[in-house]
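Peer 1: Take a look at this one; I'll ask things after.
We did not get these values from a lab; they are worked out from the coordinates using the rules stated. This is a predicted model, so every value here is computed, not measured. With ideal geometry, Cβ positions are generated from the backbone for all residues, glycine too; neighbour counts draw on all protein chains shown.
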Amino acid sequence: MLRWTCITLMAVAAATMATLAQQSGAQPAQPGQPHAHGKLTAEQEKCLKACVDCAKECEACLDHCLALTAQGKAEHVRTVKTCNDCGDICAVAAQIIARNGALQAEICEGCARACDVCAKECEKFAQDPMMKKCAEECKRCAQACREMIKHAGHHDHEKK
């Protein structure tokens, strides 16, 4: 499972680097305006980076929580599950944003909610530096997702 996630994160990082390299020197599209082919807005770029960073942090926290459960600390079973799910969701969100996918608003809504849940679970163990860091990264990712959706105007279809 951890190996698959590492492969996924490497693919996300490669897609991110390719997207950013492609955009060098180009001005990002303005909020509410159509994107030029292959161009991401500043909000999308920020969200993509936050998703990659959060996926990485969730993986590290997952590994940490697995070690704690192996030591008999059953209270970490829930954080094992939330970090695992949240990391996967963040990785998928990053992939969809990197390709400027049609469902990025929907995946980012789900990503923000998953990050909220994961942060809440990890905050229960705020005295643990690893879990505190994971909660903080999840909060940053959730905020970046919400900002990206807000600036992109993806909710226009919901008003109809």
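Peer 1: Which pairs, out of K46/K73; K46/K120; K73/K150; K46/K81; K39/K81; K49/K81, put more than 32 Å between their alpha-carbon atoms?
Peer 2: Too far apart for the 32 Å limit: K46/K73; K73/K150; K39/K81.
Peer 1: Mind checking Rg over Rh on segment 45-152, alpha carbons, Kirkwood formula for Rh?
Peer 2: 1.01
Peer 1: Within 10 Å of each residue's Cβ, count the other Cβ atoms and sort K49, K120 from fewest upward.
Peer 2: Ranked by crowding around the Cβ, least crowded first: K120, K49.
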